[in-house]
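The values are calculated or read from the model by the stated rules, or taken from the named source; none is laboratory data. Quantities reported herein were computed from a predicted structural model and do not represent experimental measurements. Here the Cβ positions follow ideal geometry from the backbone for every residue, glycine too, while neighbour counts run over all protein chains shown. All accessible areas refer to the heavy atoms of the entire protein, side chains included, with ligands and DNA or RNA removed. Shrake-Rupley method; radii C 1.70, N 1.55, O 1.52, S 1.80 Å.
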Amino acid sequence: MVEASADSPDKPEKDRKFVEALSRGLDVLRAFSQGSVILGNQDISRLTGLPKPTVSRMTYTLTKLGYLSYNPVLEKYQLSSGVLALGYAYVSNLKVRQLAKPYMDEFARRNNMSVGLTCRDRLHMIYVENRMPPEASLLRMEIGLKLPMATTAAGRAYCSSLTEDGRKILMEALAEKYGPEGWPEKKKGLDQALEDYREYGFCLTLGEWDRNINAAGVPVRLQDGTTMALTCAAPSYLVSGDKLRSSIAHQLAMLASDIESLGV
């Protein structure tokens, strides 16, 4: 149950300025990012932990506002164009995307790898930009794709960039998400990523998110205080873990420094 609460490490417990109804409405919208594109009220209730009567009021209101659309045949909801408009407004106004593109294109061409820029969404990372080498057709990551925090290079790079207190809060939320059976393995990977970041300045995932994919990640700190993650990835038969660690990941760290120096 209650995936939403396990996925909300920053939600305040007691804050007079915090609008609970708005929070619940956003939790309803977030439920559609957890796999299925079409959900009924009962599905949303299960995913969010919210009572079904509350969900019914939220879906009715969100439909009236244009953020959800209702399928009367299936008696279920799906995201509508209002959500797309919000997402597009954010991505299109993200200045770092435009300035970083030439640098990312050059890196992708030189190393024959996909290069992505991601930002955090609770316990996930989301692609806001992805650049490919001209001849490549593999690893095309669409903007808006969500990645798990614990097992991807993007998530590990972001987690490694946090302060001790910030990382402790995030790790506690991840531990709750994965439970006592799944968390020890995930924690082992994150601990190793932190060691790699402290020693080398980058994090790796070698077949851990996808057994056929090797990837590296580094944090990118923007002028406004935002931290993003820059990643590169390729099929393991094209780029070995040794090559990634000894050469390409170091180039990625240099690319992150170049992007930070743009002053965005």
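Across the chain, the relative contact order, built from alpha-carbon pairs under 8 Å that are at least six residues apart, equals 16 percent.
Each residue of the stretch 240-247 is assigned a 3J(HN,Hα), and the resulting list reads 6, x, 5, 5, 4, 6, 7, 9 Hz, derived from the Karplus form 6.51 cos²θ - 1.76 cosθ + 1.60 (θ = phi - 60°), x at Gly and Pro.
Comparing Cα centroids, the stretch 28-61 and the stretch 136-190 end up 25 angstrom apart. The modelled label-to-label distance for the pair LYS146/ASP224, using points 7 Å beyond Cα in the direction of Cβ, is 2.2 nm. Spin-label model, GLN42 to LYS243: label points 7 Å out along the Cα-to-beta-carbon direction sit 5.1 nm apart.
The helix-only estimate of mean residue ellipticity at 222 nm for the chain, built from DSSP H runs of length n ≥ 4 each weighted as -39500 (n - 2.57), is -15000 deg cm²/dmol after division by the residue total.
The simple Förster model, with R0 at 35 Å and r as the Cβ-Cβ distance, assigns ASP258 and LEU86 a FRET efficiency of 0.70.
Rounded to the nearest percent, how much of the accessible area of the stretch 194-243 (1.4 Å probe, protein heavy atoms only) is carbon and sulfur?
42
Working from Cα pairs under 8 Å separated by at least six residues, relative contact order for the stretch 111-264 is 24 percent.
Relative to the longest principal axis of the Cα atoms of the chain, the long axis of helix 249-260 makes an angle of roughly 70 degrees.
For the stretch 114-172, just say rounded, prolate or oblate: build the C-alpha gyration tensor, square-root its eigenvalues into a ≥ b ≥ c, call rounded for a/c under 1.5, and beyond that prolate if a/b exceeds b/c, oblate if not. Prolate shape, in that a/c is at least 1.5 and a/b is the bigger ratio.
The residues of the stretch 57-191 have, on average, 54 Å² of accessible surface per residue, using a 1.4 Å probe with all protein chains present. For the stretch 122-198, averaging the sequence separation of C-alpha pairs within contact (under 8 Å, six or more residues apart) and dividing by the residue count gives a relative contact order of 30 percent.
Name the shape class, rounded, prolate or oblate, that the alpha-carbon gyration tensor gives for the chain, where a ≥ b ≥ c are the square roots of its eigenvalues, rounded holds for a/c under 1.5, and otherwise prolate holds if a/b is larger than b/c and oblate otherwise. Taking the square roots of the gyration eigenvalues as a ≥ b ≥ c, the chain is prolate.
Relative to the longest principal axis of the Cα atoms of the chain, the long axis of helix 81-92 makes an angle of roughly 30 degrees.
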